[in-house]
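The values are calculated or read from the model by the stated rules, or taken from the named source; none is laboratory data. Owing to the predicted nature of the structure, the values given are computational and were not obtained by experimental measurement. Ideal geometry is used to build each Cβ from the backbone, glycine not excepted, and the neighbour counts take in all protein chains shown.
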Amino acid sequence: MQKATISILTLILLLFSALSLIFIQSTNAGIAPVENSWATKAPMQIARSYLGVASVNGKIYAIGGISVPSVLDVSHSGGLPVFTEAKIVGTNEEYDPLTNTWSTKTDMLIARAHFAIAAFENEVYCIGGTTDSTAVPVNEVYYPSNDSWTTKALLPTPEEGMQANIVNGKIYVIGGGPNYVYNPASDNWTAIASMPNAPNGTQSSCVYDNKIYVVGSPCMQIYNPENNTWTAGIQIPIAATQPIAVATSGLNAPAQIYIFEESVLAAFNPQTNSWMDAAVLPPVQTNPGSDVDRVVADHRGYGVTVLNDVIYVVGGESVTSLKSSFYTEDTAELAINQAYIPFGYGTIPPEIIVSSPLNANYSSSDVALNFSINKPVNWTGYSLDGQQNVTLTGNITISNLKNGLHSLTVYANDTYGNTGASQTITFNVGKTAIATSLTTTTVLIAAPILIVCFVAGLLIYLKKHRGSIKS
């Protein structure tokens with residue numbers, strides 16, 4: 001009876017252990033956030049609009065902008081107009097998505113708003129913009145690694161309201177006026193082709209498949225940096241008076257273009273030329289004050305960036321329309337920080353590139369296995385010659401390989417349970433590789449000898465053949 005009780009307890013413990021292991025494995029796999037949804041994150045420390053926002057090394061930088069809007073108010077002072085001038089700041093804040101916190105960094109050298117911003121090689125370029133009501137050609141670079149700024153070659157003409165995009169190591173500044181390309185390696189600017197059919201009003205742009213898509217009303221324009229040409233794109237289904245365009249990369253979500261127009265969001269797939277309505281921005285919470293005749297507020301002037309295929313909307317201003325006869329709208333700067341999860345987020349498997357071994361011959365039985373993966377993963381392993389997977393923690397050397405052909409595939413699981421596989425590599429070890437090398441050398445050495453032997457044999461044959469004819 002005692003033994004039976006012990007056996008039952010043992011079985012229960014084993015079952016509990018197995019269930020615990022399954023639970024741990026399932027929780028380690030992770031659950032992808034709900035696609036096409038919004039999440040509210042920690043707000044900036046200083047509310048701003050028309051700022052620049054960029055992401056570098058897993059962090060987001062919110063730079064410059066307007067902290068106090070210009071206001072024309074005729075509701076006070078006995079009906080006399082009161083004008084408050086906009087306050088433009090050089091404030092620089094860093095956001096860490098892992099801790100959901102903001103920290104203050106070194107201000108811009110020249111405070112600006114409405115400037116172009118781009119992250120390139122772990123540096124942030126802030127180009128052009130306005131210091132008050134005047135456009136400037138300033139080109140400043142921020143180095144997050146040591147929290148410092150420096151100046152670069154000036155934009156050829158003062159510009160504001162344009163966007164900067166990176167293609168093949170160069171920065172393309174488009175919109176607002178003449179279009180230019182900047183080469184960070186040589187620190188110089190070159191003019192590029194103007195849009196033949198520029199969109200009406202303001203415009204925005206982003207990069208997809210190494211082409212720059214310029215979004216504006218009524219349709220897109222597509223710039224190809226490879227040949228400095230423009231083509232007309234598809235018509236935009238939403239009103240694009242102040243559009244903002246960004247693109248997901250295919251890292252964690254399918255590569256698409258997302259277009260914001262105030263609180264409206266739409267997704268565009270350039271491969272199929274198709275549009276899809278997306279979840280609108282969450283309502284902006286404003287302080288109603290003493291006015292009771294306010295209507296729903298618009299949200300504009302925010303900065304947008306993409307980090308690991310999550311789209312962050314930072315800052316901006318709320319515009320609240322009023323029914324009062326004194327003035328028609330009231331603006332308030334915002335510090336909000338909202339994250340959008342794109343369509344198909346968490347469905348993209350890791351991409352694995354094997355740099356060694358190659359599809360080649362190896363004379364040694366010890367072969368290096370070197371590979372790279374494009375995003376964080378929970379597990380990595382390899383299969384040699386179709387055998388069971390061997391877990392990897394990094395690059396290794398596979399030792400004591402037998403002579404002959406081998407096949408190798410590297411696998412990886414990401415945090416959402418997607419499995420990626422490298423291209424299967426076929427390589428040869430040992431005698432065949434050596435034989436190939438020896439054969440090449442032997443042919444090079446023996447070829448002249450074979451030719452001499454052939455010629456000598458031919459001469460002997462001809463001599464004997466002539467002798468038989470004479471006889």
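General remarks:
- Any hit, the range 431-439, residues being touching a helix residue (DSSP H, G or I) at 6+ places or on another chain (Cβ under 9 Å) and either modelled with pLDDT of 95 or more or surrounded by fewer than 17 Cβ atoms within 10 Å (Cβ to Cβ) (or both): no
- Conditions (1) crowded, with 21+ Cβ neighbours inside 10 Å; (2) assigned to a loop (DSSP other than H, G, I, E, B); number of the one not met by ILE238: (1)
- Residue selected from the range 41-70 under the condition more than 25 Å from the chain's Cα centre (by Cα) and either small (Gly, Ala, Ser) or part of a strand (DSSP E or B) (or both), by the criterion nearest to ALA111 (Cα to Cα): ILE66
- Residues satisfying the stated conditions in the range 267-285, i.e. at pLDDT below 95 and crowded, with 19+ Cβ neighbours inside 10 Å: LEU281, VAL284
- Residues satisfying the stated conditions in the range 138-153, i.e. part of a strand (DSSP E or B) and surrounded by 14 or more Cβ atoms within 10 Å (Cβ to Cβ): ASN139, GLU140, VAL141, TYR142, TYR143, TRP149
- Selection count, the range 389-411, where residues are more than 33 Å from the chain's Cα centre (by Cα), assigned to a strand (DSSP E or B) and surrounded by 14 or more Cβ atoms within 10 Å (Cβ to Cβ): 2
- Test set (1) outside the structural domain of ILE311 (by TED's automatic domain parsing); (2) among the aromatic types (Phe, Trp, Tyr); (3) modelled with pLDDT of 95 or more - PHE16 fails condition number: (3)
- Boolean, ILE348 is over 17 Å from LEU251 (Cβ atoms) and out of contact with any Ser or Thr (no Cβ under 8 Å at 6 or more places or on another chain): no
- Of the numbered criteria (1) in a loop (DSSP other than H, G, I, E, B); (2) surrounded by 14 or more Cβ atoms within 10 Å (Cβ to Cβ); (3) modelled with pLDDT of 95 or more, the one ASN359 fails is (2).
- Residue within the range 359-373 that is under 13 Å from ASN428 (Cα atoms), within 31 Å of the chain's Cα centre (by Cα) and in contact (Cβ under 8 Å) with a residue 40 or more places away in the chain present: yes
- Subset of the range 219-235 that is more than 15 Å from ALA266 (Cα to Cα) and in contact with a strand residue (DSSP E or B) (Cβ under 6 Å, 6 or more places away or on another chain) - its residue that is surrounded by the most Cβ atoms within 10 Å (Cβ to Cβ): TYR223
- Scanning the range 365-388 for residues that are on the phi < 0 side of the Ramachandran plot and surrounded by fewer than 13 Cβ atoms within 10 Å (Cβ to Cβ) gives ASP366, SER372, PRO376, GLN387, GLN388.
- The set of residues in the range 344-356 being surrounded by fewer than 17 Cβ atoms within 10 Å (Cβ to Cβ) and in a loop (DSSP other than H, G, I, E, B) consists of THR347, GLU351.
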